[in-house]
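Bear in mind these aren't lab numbers, they're just calculated from the coordinates by the rules spelled out. Note that the structure is a prediction, hence the values are computed from the model and not measured. Positions of Cβ are backbone-derived with ideal geometry, glycine not excepted, and every protein chain shown enters the neighbour counts.
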Amino acid sequence: MQENTNTSAGVQSLIERIRDQGVQAAEIEADRLLREARQQAAEIVAAAKAEAEAEQTKAKNEIEAHRTASLDALQLAARDTVLDLKARVVARFEDFVKRIVVKATHDEQLVRNLVLVLSGRAAEEFIQDKEIEVRISKALLGEATLKEEGKQAILALSSDMLREGIELVPSHEVEGGARVQLVQDQLEIDLSDRAVARLISERMVPRFKAILEGAE
């Protein structure tokens, strides 16, 4: 009887020990699993945070790149617009100079005086016994709207020059002003409207550009 009691007590003790060990092992395993779960969760959160920060940084960089590109494009467009505007203003200024010169060099009295000056200088410096031609606009001798007194003055000037060996030649190449040419030597004094406009533009346009750019 006593033996049975001892056996039962031993079995019970074994059961309790196994149970306690099982519970302890289960608790240890549960703690391990919980730690692993927490670690994995932390790693997932850290990875997600890092990815989010990377995407945020990428987005910021892309936005900054687009902003920089947009600013560069705007600056380039503004520069091109300013350059185009300056070019147009300069072109208008050159046209303005040409119109003034053309208008002035179509005046018959101015042409008459210009021919006198050119012919006199040419005769003194170059003509001697050489053939010389003074070319003026054909319209000045054939334009119906030209004042009659101006036309007659130029024609009379031509007659005087012919006696001095200087020929007054109407030319469709000269719209205003005059050209003096030594026929054989191919030497020319050019004070036509185009030449005068070019000379004036060469002197005035650079300064006009400097004024536009604020250099003066």
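Residues 201, 70, 137, arranged from fewest to most other Cβ atoms within 10 angstrom of their Cβ, appear as 70, 201, 137.
Near residue 168, the amide H atoms lying under 5 Å from its own belong to 134; only residues 5 or more places off or on other chains count, and H is placed 1.01 Å from N. On the basis of the beta-carbon distance and an R0 of 30 Å, residue 203 and residue 169 show a calculated FRET efficiency of 0.55. Here the spin labels are modelled as points 7 Å beyond Cα on the Cα-Cβ line, and at residue 40 and residue 210 they lie 8.1 nm apart.
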